[in-house]
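The values are calculated or read from the model by the stated rules, or taken from the named source; none is laboratory data. Keep in mind that what you see is a predicted model, and the values were worked out from it rather than measured. Don't worry about glycine lacking a Cβ; one is built from the backbone with ideal geometry, like all the others, and counts go over all protein chains shown. To get the accessible areas, we keep the full protein, side chains included, count just its heavy atoms, and leave off ligands, DNA and RNA. Shrake-Rupley method; radii C 1.70, N 1.55, O 1.52, S 1.80 Å.
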Amino acid sequence: MNSAFLAYASEHLRGLPIPQLRKDPIVGRWVIIATDRAKRPLAPKLEAPSPQAKLCPFCAGQEAKTPNEILAYRKGDSEPNKPGWRVRVIPNKFPALQIEGDLNKRGEGIYDRMNGIGAHEVIIECPHHEMSMANLSEENIREVFWVYRDRLVDLKKDRRLVYGMLFKNVGDAAGASLEHSHSQLIVTPIVPVNVKEEMTGAQEFFDYRGRCIFCDMVTQELSTEQRIVLDTPHFLAFAPFASRFPFETWILPKAHGSHFENIHKSEVDDLGTVLKTILMKQEVALDRPAYNYIIHTSPLDSQPLAHYHWHIEIIPRLTRVAGFEWGTGFYINPVPPEQAAGFLRATEVDLAQKK
Ligand SMILES: [Zn+2]
Ligand SMILES: [Zn+2]
Ligand SMILES: [Zn+2]
């Protein structure tokens, strides 16, 4: 965050008692107004990973610096909020949404608002100070996916909550404020507009053709091969035909499934390898870029859907979204996805290699 803005925020911003959701009455997009977020610390940019890493609240031994854990995979005899964990989930200290309270949906003339009820959690992916998920072992990455699944299954029980968005920000340009490898989960009481757009488009295709468009995409990409980055027994990673960003990469399960939380063990086993491979390729080919990944899945309160298919989208932050994109929703991508895929496919990585 801009330091002039932070100075302004600390002096002038009066906190709202709780976060608020407000709906744009024209396009139906919801905005979260969460004043506490402005108080987040700036990323300790110049901090080298070594001696100062002791100050990192996500490292094992620093558990007292974080809120109490919600879930941790840990050694059988180790105590909560003490070392001995492998993957640990904590509430975000500066949440965009809060879990207590009711939605209190209300209208004000043409405007709609509700309380910002939801969850904002941080998944700390490893106990040691590792900045890159690509350096984690495949088994470690699998456990991260199991943790994602466990959290969605748990939050699903709360009827106020409708959508769970799992995502990762790496690097300044991608919005990360701490370097220790972590991801986040924000659970909202409404379906986010980007997901709704995908679901509506997929539903229209299904109504017309009677098939899932994502399943068709897997079939077509496998037959043309030119956009494939990695093909494994359970997943296909490829650069989408209409990639918005250079080196945008999607990971789709080959078997149809609408909800990430219903993932099978054989798929998680494979996915640990797939994600590590893609992240390593990206690091080598693009020199450790800032990036985001997101998991698009179905709303928590929906039954299995024939038309929607969960997937992971990985977006390296190599270009900036500027005026034209903001103004139009068009993206200008300087790298044809066929070339991006070819380059990543040809980039060799050794999964067994130590960092
Ligand atoms: Zn750390
Ligand atoms: Zn499908
Ligand atoms: Zn998507």
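Considering the conditions (1) surrounded by 14 or more Cβ atoms within 10 Å (Cβ to Cβ); (2) over 27 Å from GLU225 (Cβ atoms), ILE312 is excluded by exactly one of them, (2). Taken together, the criteria exclude ILE315 from residues that are part of a strand (DSSP E or B), within 16 Å of ligand 2 (Cβ to nearest atom) and under 21 Å from PHE167 (Cα atoms).
As for segment 284-303, it holds at least one residue that is closer than 20 Å to ILE186 by Cα and of a type in the set (D, E, K, R).
Residue count for segment 161-175 under the criterion of being over 21 Å from TRP250 (Cα atoms) and buried (at least 17 other Cβ atoms within 10 Å of the Cβ): the result is 2. Quick one: would you say SER266 is part of a helix (DSSP H, G or I), among the hydroxyl-bearing types (Ser, Thr, Tyr) and away from ligand 2 (no atom under 16 Å from the Cβ)? It is true that SER266 is part of a helix (DSSP H, G or I), among the hydroxyl-bearing types (Ser, Thr, Tyr) and away from ligand 2 (no atom under 16 Å from the Cβ). The single condition among (1) within 16 Å of ligand 3 (Cβ to nearest atom); (2) open to solvent by 80 Å² or more (accessible area, probe 1.4 Å) that PHE343 does not satisfy is (1).
A Cβ distance below 6 Å, combined with a sequence gap of six or more or placement on separate chains, defines the contacts here; from segment 307-333, residues that are closer than 17 Å to ASN292 by Cα and charged (D, E, K, R) reach residues that are assigned to a loop (DSSP other than H, G, I, E, B) and open to solvent by less than 50 Å² (accessible area, probe 1.4 Å) in the pairs ARG317/ALA290. A count restricted to segment 171-202 and to residues that are at pLDDT 95 or above, away from ligand 3 (no atom under 16 Å from the Cβ) and more than 18 Å from GLY118 (Cβ to Cβ) stands at 3. The requirement of being under 27 Å from LEU351 (Cβ atoms), surrounded by fewer than 22 Cβ atoms within 10 Å (Cβ to Cβ) and under 18 Å from the mean Cα position of the chain (by Cα) is fulfilled somewhere in segment 150-157, by at least one residue. For ALA64, state whether it is open to solvent by less than 20 Å² (accessible area, probe 1.4 Å) and more than 16 Å from ligand 2 (Cβ to nearest atom). When the stated conditions are applied, ALA64 does not pass them. Of everything in segment 216-272, what is open to solvent by 40 Å² or more (accessible area, probe 1.4 Å), basic (Lys, Arg) and either more than 13 Å from GLU313 (Cβ to Cβ) or free of Cβ contacts under 8 Å to residues at least 24 places away in the same chain (or both)? Give them in sequence order. If the condition is that a residue be open to solvent by 40 Å² or more (accessible area, probe 1.4 Å), basic (Lys, Arg) and either more than 13 Å from GLU313 (Cβ to Cβ) or free of Cβ contacts under 8 Å to residues at least 24 places away in the same chain (or both), then LYS254, LYS265 are the ones that fit.
Sub-9 Å Cβ pairs linking a first residue in segment 142-159 that is of a type in the set (Val, Ile, Thr) to a second residue that is in a helix (DSSP H, G or I), at least 6 apart or interchain, are VAL144/MET133; VAL144/GLY272; VAL144/LEU275; VAL153/GLU261, ordered by first then second residue.
Here ARG74, ARG86 are screened, and the one residue that is crowded, with 17+ Cβ neighbours inside 10 Å, at pLDDT 95 or above, away from ligand 1 (no atom under 16 Å from the Cβ) and under 24 Å from the mean Cα position of the chain (by Cα) is ARG74.
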